[in-house]
Amino acid sequence: MSIELINIYNKLYMDSIEKIQSDQYETDPMIDSLVDKRFGITLIIKPDEHINRQIQKFLTDLHTIEPDQYYYPSSDIHITVLPIISCHEGFDLDQLSIQDYIDLIREYLFLEGKLEIHFKGITASSSCIMIQGFPKQSSFNELRNKLKTAFKASSLQQDIDKRYSIQAAHATVVRFRKPFIAKDKFLKVLENYRDYDFGTMTVNEMELVFNDWYLKEKIVKSLHRFKL
């Protein structure tokens, strides 16, 4: 496992748990909005069935304690490879030639050998809970960096690294929707899963999608699947 990635996840967890304990966490008022018009395009990886089963076991334990938080269904869980156009109001697919995006990704989407991601432990932010992902090969970050460079050098619309610079391979699985009613019990479950082994998957494809902020299945539109 990457020591750098371990340190990133550890710092996130410690800082965020402290905020949750002191009621400095953030709830998301837009999760249930029927007028949320923030859309973008993203290159993602979907966990396999085994990983999703393990994640749902974890989410069930949390849901029993805090039923009013927002728990991702398996259909919406994903790892962001690259947020090409971050979700924002006013974005529409008609503004783009999607084939140009597909062609650019295809040109650089080459891996030597297989790509595996080990999902082990959980981390947090002040507004959500995430499964920690650890790519087992350096090719994942190399690919991400190649795509970043290629998009930035192109004339295609993109805002990569404008909102944040993505470094990890995590999957967001819980968002805070309401104030906690059993915070201490919730935090205890998080601690129990801090180093839980959710399993390892081999990445066989990446998917370019049109998406909302939460990648809800009813809104997401698949633009292209890239076989690895």
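The values are calculated or read from the model by the stated rules, or taken from the named source; none is laboratory data. Computed from a prediction, not measured in an experiment: that's the story for all the values here. No Cβ is skipped: glycine too gets one built from the backbone with ideal geometry, and neighbour counts run over all protein chains shown. The accessibility values were calculated without ligands, DNA or RNA, using every heavy atom of the protein model including side chains. Shrake-Rupley method; radii C 1.70, N 1.55, O 1.52, S 1.80 Å.
Observations, loosely collected:
- Per-residue packing, averaged as other Cβ atoms within 10 Å, sorts the ranges 206-214, 16-24, 86-94 into the order 206-214, 16-24, 86-94, beginning with the highest.
- Note that segment 112-199 carries a Kirkwood radius of 15.5 Å, evaluated over its alpha carbons pair by pair.
- Summing charges over neighbours of Asn141, with a neighbour being any other residue whose Cβ is under 13 Å away from its Cβ, gives +2 when K and R count +1 and D and E count -1.
- Folded to 0 to 90 degrees: helix 98-108 orientation relative to the chain principal axis, Cα: 90
- Mean accessible surface per residue for the chain, computed with a 1.4 Å probe while every protein chain stays in place, in Å²: 50
- Zone residues, segment 192-228, relative to Ser33, backbone N less than 12 Å from point 7 Å out along Cα-to-Cβ: 213-214
- Helix axis angle, 3-21 relative to the chain longest principal axis, alpha carbon, degrees: 40
- Carbon + sulfur, % of accessible area of segment 43-88 - ligands and nucleic acids excluded, 1.4 Å: 52
- Taking only the Cα atoms of the chain, the ratio Rg/Rh comes out at 0.96, with Rh defined as the Kirkwood radius.
- Each principal axis of the Cα cloud of segment 20-123 was evaluated for its coordinate range; sorted largest first, these ranges are 46, 40, 25 Å.
- Sum of side-chain charges, Cys128 neighbourhood, beta-carbon under 11 Å (Lys, Arg +1; Asp, Glu -1): 0
- Unit charges at the beta carbon, dipole of the chain: most positive-side option, Thr123, Asn204, Ala171: Asn204
- Remark: for residue pairs Lys19/Lys148; Lys148/Lys185; Lys146/Lys216; Lys188/Lys227; Lys11/Lys46; Lys148/Lys178, the C-alpha separation exceeds 30 Å in Lys19/Lys148; Lys148/Lys185; Lys188/Lys227; Lys148/Lys178.
- Segment 156-228 and segment 23-83: distance between their alpha carbon centers, rounded to Å: 6
- Less than 5 angstrom separates the built amide H of Phe198 from those of Phe119, Lys120, Gly121, all sequence-distant by 5 or more or on a different chain.
- Long-range HN-HN contacts of Gln137 with modeled amide H, under 5 Å: Glu116
- For Asp28, nonlocal amide neighbours, meaning residues 5 or more places apart or on other chains whose placed amide H falls under 5 Å from its own, are Phe176, Arg177.
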